[in-house]
Amino acid sequence: MNVNLLKQLWLLMATAVFAIGCSDNDDPFEGRDNYITSFSLTQGDALLTAQISGEEIILSAPENFSLDNAKAVVGLSENAKISPDPSQVTDWDNEQIFVVTSHNNQDRTYKYKINRVNNICAENVTLNTQADVKEFAGKGYTAVAGNLVVGEYVTADPVTSLELLADLRVVSKNLVINAAYAGENLKGLENLKSVGSLMINSATGIVEIEMTSLEEVTANVIITGANVYGVNFPTLKKIGGKLDTEVPVKTFSFPALQQVGADLHYVVTEEALLESLLFQNLSEVGGQVFIEKKLNIKTSKLAKVDFPKLKKCAELLIGDVASLNILYFPLLEEVGGQLEMAGSEYIDTNFKALKKVQIWTICGLASDLDLRGMNVGKLVLKGKLFTSTIARKVIGDDVFNGDISLESVLFPIISVKNIPAFEGFKEVNSITISGFRNTKVEFSFPETEIVHGDINLSVNGNISKINCFPVLKKVEGNINTGDWTAFADAMVELPKLQSVGGNFTTGFLSVTPTKLSLPALTEVGGDFIIGTGQKLAAIQAPALKTVKGTLHIVTNWKVLTTYSTKNAALTNLDGFSTLENVGSVSVLDQSVLVSYKGLQNAFGALSAEKWNVLGNGYNPDYDALKAGNWQKDNTCYHSYNCHLRNMTSCRLPRLNLQLGPVVRWPIRDSG
């Protein structure tokens, strides 16, 4: 019985392995496809597109039209190969055999045939007058192998109708309708099934564009017109190039469209009546999807952009269309470049399937933003989002492998009402906050512990506090807090920060007392630059042991040489009492600084070349330090906020004096 049971177990295992192998063979990404997806020949200005039926390639060409040495353009399945190479074939007037081999070496054989017909125009056609239309229609052509241009220039007998062209099925190159066309619609082109490209260029007379049989455009569709109020392509499935429209439409319909090879660009104009932009079956856009308003347009009716089946695009850019409040992209999985949402500060988004985006820029939110499970290279919050009266949250994974940027504008000053709070984000690549001015609204990263790159807060003005990183422990790159100015409670406080891998730069330009508190900081891997401004009275770094670069203490962090502004508040460097290793020291323009005792433990790392002090209350050279003169002799030196009664080392009687910003009292020897 045990033997039988063992055999059954082995049989189950073998079956499972076989099933897994079968499942793998069904994987659509294994490269089993071996199809010719498109086939065309170019001969001079003529472009002939073949029909592919099963495993036959049927090319229709006019009688007596030579295909000798024509150039082939062939589309294949991904990673498939074709033999012989069509680019090496010259005899296209006779049958040819091609073998297409898939990535996993499966073959499919195609036969090329030539179908000679007498109703294809092999030349470019230009129709400038209604008489031209009549003459061309009389030849009975069903296809044009070159360009078909209507209204190249203005004439006394303009083209007013295309109804005589109802026999046309194919225009292999460009179908161009120019402004000189005087018709109101495109009746007569309703039987066209394929064109190389469609360009309707500012034809002011056209009111409606409808092509009911068109299935494929191999290149671009470009439509502009000041009076076009209806656009309808009910059977168009594929646009090989871009779709670019700038028309004041009320109806805009592409219900069968599945693929756009390049960009999709829709411009909202002043007179546009369209309320909802819908592409109900579009699943792939090879370039960017760009929805924008025409420059200087103040009003529009567009409220919803709806792409219910779109799965992938290179970029998704939603411009500043104030009326827009709903973006519906429920199946969108990947945006290869930038996803930007401008417009209303209360824009409602649906990106339930989104997993990957390189740069996501958000200017407004109707609800909290949940990024958990997404791969976002960079998140940018900006613009109207900060003027909203409703506070939003941004929720992310604990490990967020991307950059975060909050971007306002310094000029003109905007009224900042709310900064989104961040939940999660224990580890991030970098954080940048820029463009905020004259605001006490606080930033909040309450859970961020590690930043693998930089924290840059330097391009701001008149911000009161940097205490938005209460649990931040490690920054592997640089920190630059810049200038935090003007407010009485200006401060930089990072209570848990232990190490900075690169440079640490912080500065104050405040004219009121300020605070720099770094109680847990032990190491700075680059330069440590402190811009004290005029009133920084104390630097608190009681655990700091190592500064691998230069310790700069200056009044302006941007100027590492002597400066016109002096700090009349900092009297000592006792906040560095644990510092043992430092690359070099430069202390400038601290006009009441008289004690360097806080740097005594780092003396072993110093030399004359690594010591630079100038413009301070006391400026000892290296030899003076070596002799033990770490503070200025025979002087009791107190700032205006020092209480003499608590200074046990001071032997002055308690005096009731009105003290100025700095008081110097010479001490007499008791002997």
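The values are calculated or read from the model by the stated rules, or taken from the named source; none is laboratory data. Just so it is clear, the model here is predicted, and its values are computed rather than measured. Positions of Cβ are generated from backbone atoms using ideal geometry, with glycine treated the same way; all protein chains shown enter the neighbour counts. The protein model used for the area step is the full one, side chains on, heavy atoms only, and it has no ligands, DNA or RNA in it. Shrake-Rupley method; radii C 1.70, N 1.55, O 1.52, S 1.80 Å.
Go ahead and run the numbers for FRET between Ser415 and Glu284, Cβ-Cβ distance against an R0 of 51 Å, rounding to 0.05. Numbers along the way, then the final one.
Working: r = 42 Å, r/R0 = 0.82.
Using R0 = 51 Å, I get an efficiency of 0.75.
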Check your understanding: So which aspartates and glutamates pass the test for Lys355, namely a Cα distance under 15 Å, with those fewer than 8 places away in the same chain ruled out?
Key -> Glu315, Glu333, Glu334, Asp370, Asp397
**Study point:** Cross-link partners of Lys134 among lysines (Cα-Cα below 17 Å; sequence separation of 8 or more within a chain)
**Key:** Lys187
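For the stretch 60-162, give the percent of accessible area contributed by carbon and sulfur heavy atoms, probe 1.4 Å, rounded to a whole number. Show your work: numbers first, answer last.
Details: 2390 of 5550 Å².
With neighbouring chains kept in place, the figure for the stretch 60-162 is 43 percent.
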Exercise for review: Using only Cα positions of the stretch 237-336, each an equal point scatterer, no hydration layer, compute I(q)/I(0) via Debye at q = 0.18, 0.24 Å⁻¹ and quote the log10 values to two decimals.
Suggested key: -0.79, -1.38
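Pop the C-beta distance of Asp68 and Glu208 into the FRET formula with R0 = 60 Å and round what comes out to the nearest 0.05. Mind dumping the intermediate values first?
Numbers: r = 44 Å, r/R0 = 0.74.
Working from the Cβ atoms, E equals 0.85.
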Study note, to complete from the structure: Listed by chain and number, the residues whose amide H is under 5 Å from that of Thr235, excluding neighbours fewer than 5 places away on the same chain and using placed H, are Leu214
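For the stretch 223-271, give the percent of accessible area contributed by carbon and sulfur heavy atoms, probe 1.4 Å, rounded to a whole number. Show your work: numbers first, answer last.
Numbers: 790 of 1670 Å².
Looking at the stretch 223-271 in its full context, I get 47 percent from C and S.
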Check your understanding: Given the pairs Lys535/Lys558; Lys71/Lys113; Lys293/Lys384; Lys426/Lys474; Lys566/Lys626; Lys352/Lys426, which span a C-alpha to C-alpha distance of over 20 angstrom in this model?
Key -> Lys566/Lys626; Lys352/Lys426
Study note, to complete from the structure: Taking a ≥ b ≥ c as the square roots of the Cα gyration tensor eigenvalues, with a/c under 1.5 meaning rounded and otherwise prolate when a/b beats b/c or oblate if not, the stretch 21-146 comes out prolate
Study note, to complete from the structure: Any residue on another chain or 5+ positions along whose placed amide H is under 5 Å from the amide H of Lys378 is listed here as Ile359, Trp360, Asp403
Practice item. Treat each spin label as a single point 7 Å out from the Cα along the C-beta direction, and report the Tyr153 to Thr387 distance in nm. Key: 5.0 nm
Check your understanding: Per-residue HN-Hα couplings for the stretch 527-544, Karplus 6.51 cos²θ - 1.76 cosθ + 1.60 at θ = phi - 60°, whole Hz, x for Gly and Pro?
Key -> 7, 10, 10, 10, x, 6, x, 9, 9, 6, 9, 8, 10, 10, 9, x, 10, 5
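Which shape class applies to the stretch 177-324: rounded if a/c is under 1.5, otherwise prolate when a/b exceeds b/c and oblate if not, where a ≥ b ≥ c are the square roots of the Cα gyration tensor eigenvalues? Mind showing how you got there, number by number?
Numbers: a/c = 1.72, a/b = 1.08, b/c = 1.59.
Cα axes put the stretch 177-324 in the oblate bin.
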